[in-house]
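Contents: one structure, followed by commentary.
The values are calculated or read from the model by the stated rules, or taken from the named source; none is laboratory data. Here the structure is a predicted model, which is why all the values come from computation and not from measurement. Counting neighbours? That spans all protein chains shown, and the Cβs are built from the backbone with ideal geometry, glycine included.
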Amino acid sequence: MKRTIKFLSMTLLIPAMTACGDGPKGDAPWIVDRFDDIKVIRYEVPGFEALPVEQKELIYYLSEAAKCGRDILYDQNCAVNLPVRRTLEVIYENYAGDRTTAEWKALEKYLKKVWFANGIHHHYSNDKFTPEFSQGYLLDVIETIPLEKFGSLNDLREEVFVAIFDPAKYPTKLNQTAGDDLLLTSSSNYYRGVTQAEAEGFYAAMAAADAGNPEPVSYGLNSQLTKDDAGRLVERTWRLGGMYSAAIERIVYWLEKAEAVAVGPQKENIAALISYYRSGDLKEFDRYNIGWVRDTVSNVDFVNGFIEDYGDPLGRKASWEAIVDFVDSAACHRTEVISENAQWFEDHSPVDPRYRKEEVKGVSAKVITVAMLGGDCYPATPIGINLPNADWIRKEYGSKSVTIDNITYAYDQAAHGNGFDEEFVLRADDRERMSRYGKLADDLHTDLHECLGHGSGQLAPGVKGGELRSYGSTLEEARADLFGLYYLGDEKLVELGLVPSFDVAKAGYAKYILNGLMTQLARIEPGKNVEESHMRNRKLIAEWCYERGRADNVIEWVKEDGKTYVVVNDFEKLRGLFGELLREVQRIKSEGDYETGRELVERYAVKVDPTLHEEVLTRYAALGIEPYGGFVNPEYELVERDGKVVDVKISYPANYVEQMLDYSKNYSYLPNVN
Ligand code: ZN
């Protein structure tokens, strides 16, 4: 189990059910920059102002610590990243020539991409960027700037040029092609001058020496593997006094400040983390993780360290990352209310009473608000966290799983106004309802799906589960989705104070049907059918309801100005159809009725109408929506009176370039070559 990183490259290509909620605070737009295939969004931190001052102060110190490891990640991604970034930054800040030419714009775009990816390789595809300016141009520009501005970077000029312009050098950050030497062909800096066989042998010997230990440490997690002068394999550990020491020193400095104001178990946890940064001892890291996962009382929480190993072709070495967050009590209240009423929902569901659970327990999902992103979580960020990664700790002590609400909210806001609704939603009242209630409908549907849907229902005696085989996951997602859709339109939600009216369901239903019948096709390549089980499930539900409701015109295809639209005419009847299908899908699962399940999926969920598909792809492409997104951070400022912190002010800068230059100036501690 690894953290569920969703960079939203796919999920956000098409906004799920949501359009958006209220407009942004103030005048600042949600999208602060766009270049290449990237949009940069700002996020807000609702609830920060209302936190007790001690928690705000803690967030401030942890946020400073979160910014101090940025250079580490650059160097981990590729040894030449820091010199490239710094050379381009000197140029950017000092070039007095024409900044309106195409080549200058190309250089600026390249730098923006380097900042976004924390290096010269694309953050998602891992391929090296191709500059759209020439070597000659870069040389000309550099010659207009006094040499001393570049300082020690002058000695690295050739390496920088090779890194930017030679396509054969550092072609990919992460090569995973079986048969290749994955270390020699990957440009990341986790191994230096070491072959794959040497590295595997080195760590196999360590694992053998530790065989049988029920608490195995994550060998190699926090070090570079290289060779000493005698040619022996050695680890350079990332710790105080070791590799990356100058940055780690600053991280520890701020963590100590945080420790001083932390209370309860968190105080001890921060001390354990500091101890680990000092010693580099992975047993200390485990001790810290155990304390962290057991701490369920602290309102403010954070991640800071070498955490995820996606960037290492051998899956051993972890990139540096940081997140600071606090509990989103309003959103947690929502899932608590739903969970507390789990039995009521089960008892009133439209499924055959024999297949309802007699005693049902809801799960309450934890929702957090992010206050700061750093390292490998910045600017591109996950929307959920599931940690720690060590299997034995997960088994013994469990894990923390959270979703990040203010980040998904910002994504939704940024998607609003991208022209999607105007292009695909025919009726103004639908657009208006989606705009007002789309986010709430989406959140509630997710809550009902996750907290209740999957856990509802029971199997008939003798049925083991697994009978539905390859159709099982699509039908299971359909079951959970239908449970959510059915109850999204229930009076009970109004009674519980979770929604103001049936309008929330109308917003959710209209978007769900539109997506299932039509717009999700934008994520399918031409000529392909629907394969992914969540997409199949949505298509199944939407197509089935269309056909079943045809006599009453519940859902209708409309042609206008040569464009195809889909509209829901009768929301109450549609809800009835959701209930009917839920009853049938539950029966199929409970009885293990493979044949009917297969028939349902094959008939409704798989086949794509090529004409409609082509139309959706064309209309979607015309919107020009960037597939990848990332964020600028808010800024925090201590307010002191008589040497005492009395408040922390938050502000929302809306300039990507300024934030990057600020971080490079004020949070850059490592030498060019590490
Ligand atoms: Zn699910």
- line: Taking region 288-347 and the residues there that are in contact with a helix residue (DSSP H, G or I) (Cβ under 6 Å, 6 or more places away or on another chain) and of a type in the set (Asp, Glu), the one that is surrounded by the most Cβ atoms within 10 Å (Cβ to Cβ) would be 328
message: Looking at (1) buried (at least 22 other Cβ atoms within 10 Å of the Cβ); (2) away from the ligand (no atom under 15 Å from the Cβ); (3) modelled with pLDDT under 95; (4) of a type outside the set (A, V, I, L, M), which one does residue 457 not meet, given that it meets all the others?
response: (2)
query: Mind checking which residues of region 47-87 are within 16 Å of residue 323 (Cα to Cα), touching a Ser or Thr at 6+ places or on another chain (Cβ under 8 Å) and outside any helix (DSSP H, G or I)?
result: 48
query: If you check every pair at least six apart or on different chains, which have Cβ atoms under 6 Å apart with a residue in region 228-255 that is touching a residue at least 12 places away in the same chain (Cβ under 8 Å) first and a residue that is of a type in the set (A, V, I, L, M) and in a loop (DSSP other than H, G, I, E, B) second?
result: 246/670; 247/670; 248/240
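Being within 21 Å of the chain's Cα centre (by Cα), touching a residue at least 24 places away in the same chain (Cβ under 8 Å) and not in a loop (DSSP other than H, G, I, E, B), is that true of even one residue in region 352-366? Even if it seems obvious, please write down each step before you answer.
First, pick out the residues of region 352-366 that are within 21 Å of the chain's Cα centre (by Cα): 364-366.
Now drop any that are not touching a residue at least 24 places away in the same chain (Cβ under 8 Å), which leaves 364-366.
Next, only the ones that are not in a loop (DSSP other than H, G, I, E, B) stay: 366.
Yes, because at least one residue in region 352-366 is within 21 Å of the chain's Cα centre (by Cα), touching a residue at least 24 places away in the same chain (Cβ under 8 Å) and not in a loop (DSSP other than H, G, I, E, B).
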query: With (1) more than 23 Å from residue 535 (Cβ to Cβ); (2) within 16 Å of the ligand (Cβ to nearest atom) as the list, and residue 504 as the residue in question, which single condition is left unmet?
result: (2)
task: Among the residues of region 531-551, write down those that are modelled with pLDDT of 95 or more and within 16 Å of the ligand (Cβ to nearest atom).
output: 536, 537, 538, 539, 540, 541
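Hey, among 587, 575, which residue is of a type in the set (D, E, K, R) and under 19 Å from residue 546 (Cα atoms)? Step through it out loud before you land on a result.
Details: 587 fails: under 19 Å from residue 546 (Cα atoms).
Selected residue: 575, the only one of 587, 575 that is of a type in the set (D, E, K, R) and under 19 Å from residue 546 (Cα atoms).
If you go through region 149-169 one residue at a time, do you hit one that is of a type in the set (S, T, N, Q), within 30 Å of the chain's Cα centre (by Cα) and under 30 Å from residue 277 (Cα atoms)? Walk me through it before giving the result.
Quick first cut of region 149-169, residues of a type in the set (S, T, N, Q) only: 152, 154.
Cutting the leftovers down to within 30 Å of the chain's Cα centre (by Cα) gives us none.
Within region 149-169 (the criterion being of a type in the set (S, T, N, Q), within 30 Å of the chain's Cα centre (by Cα) and under 30 Å from residue 277 (Cα atoms)), the answer is no, since none of the residues qualifies.
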- request: Give the residue that is farthest from residue 374 (Cα to Cα), with candidates limited to residues of region 102-125 that are crowded, with 18+ Cβ neighbours inside 10 Å and hydrophobic (A, V, I, L, M, F, W, C).
  value: 104
query: In region 523-530, is there at least one residue being within 16 Å of the ligand (Cβ to nearest atom), out of contact with any strand residue (DSSP E or B) (no Cβ under 9 Å at 6 or more places or on another chain) and not charged (D, E, K, R)?
result: no
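Among the residues of region 509-519 satisfying the criterion of being touching a residue at least 40 places away in the same chain (Cβ under 8 Å) and within 16 Å of the ligand (Cβ to nearest atom), which is surrounded by the fewest Cβ atoms within 10 Å (Cβ to Cβ)?
As a first pass, look at region 509-519 and keep what is touching a residue at least 40 places away in the same chain (Cβ under 8 Å): 509-515, 517-519.
If we keep only those that are within 16 Å of the ligand (Cβ to nearest atom) as well, we get 512, 515.
Values: 512: 27, 515: 22.
Once the filter is applied, the top-ranked residue is 515.
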- request: Would you check if residue 92 is of a type in the set (Ser, Thr, Tyr), surrounded by fewer than 21 Cβ atoms within 10 Å (Cβ to Cβ) and in a helix (DSSP H, G or I)?
  value: yes
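Any residue in region 442-451 that is away from the ligand (no atom under 16 Å from the Cβ) and farther than 23 Å from residue 603 by Cβ? Lay out the reasoning, then the answer.
Within region 442-451, the subset away from the ligand (no atom under 16 Å from the Cβ) is none.
Within region 442-451, not a single residue is away from the ligand (no atom under 16 Å from the Cβ) and farther than 23 Å from residue 603 by Cβ.
Here's the yes/no breakdown for (1) within 28 Å of residue 33 (Cβ to Cβ); (2) among the aliphatic types (A, V, I, L, M); (3) surrounded by fewer than 20 Cβ atoms within 10 Å (Cβ to Cβ):
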{"position": "585", "(1), (2), (3)": "no, yes, no"}
{"position": "591", "(1), (2), (3)": "no, no, yes"}
{"position": "601", "(1), (2), (3)": "no, yes, no"}
{"position": "614", "(1), (2), (3)": "no, no, yes"}
{"position": "621", "(1), (2), (3)": "yes, yes, yes"}
{"position": "624", "(1), (2), (3)": "yes, no, yes"}
{"position": "631", "(1), (2), (3)": "yes, no, no"}
field: Matching residues in region 28-75 - criterion: being of a type in the set (Gly, Ala, Ser) and without any contact (Cβ under 8 Å) to a residue 40 or more places away in the chain
entry: 50
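Please tell me if residue 140 is in a helix (DSSP H, G or I) and either more than 29 Å from the chain's Cα centre (by Cα) or exposed (fewer than 14 other Cβ atoms within 10 Å of the Cβ) (or both). I'd like the intermediate steps shown before the answer.
Details: in a helix (DSSP H, G or I): yes; either more than 29 Å from the chain's Cα centre (by Cα) or exposed (fewer than 14 other Cβ atoms within 10 Å of the Cβ) (or both): yes.
The answer is yes for residue 140.
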message: Restricting to region 479-498, name every residue that is in contact (Cβ under 8 Å) with a residue 40 or more places away in the chain and within 11 Å of the ligand (Cβ to nearest atom).
response: 479, 481, 483, 484
- prompt: Which pairs do you get when a residue that is free of Cβ contacts under 8 Å to residues at least 60 places away in the same chain, found in region 446-465, comes within reach of a residue that is within 14 Å of the ligand (Cβ to nearest atom) and basic (Lys, Arg), reach meaning Cβ atoms under 9 angstrom, with the pair 6+ apart or on two chains?
  reply: 453/479; 454/479
- prompt: Being outside any helix (DSSP H, G or I), closer than 25 Å to residue 288 by Cβ and among the aromatic types (Phe, Trp, Tyr), is that true of even one residue in region 190-207?
  reply: yes
statement: Conditions (1) at pLDDT 95 or above; (2) farther than 28 Å from residue 59 by Cα; (3) surrounded by 14 or more Cβ atoms within 10 Å (Cβ to Cβ) -> residue 259 fails only (2)
- prompt: Out of all the residues in region 460-478, which are among the small types (Gly, Ala, Ser), closer than 22 Å to residue 532 by Cα and more than 14 Å from the ligand (Cβ to nearest atom)?
  reply: 465, 466, 470
- line: Of the residues in region 150-175, those that are on the phi < 0 side of the Ramachandran plot, loosely packed, with under 12 Cβ neighbours inside 10 Å and not aliphatic (A, V, I, L, M) come to 152, 158, 167
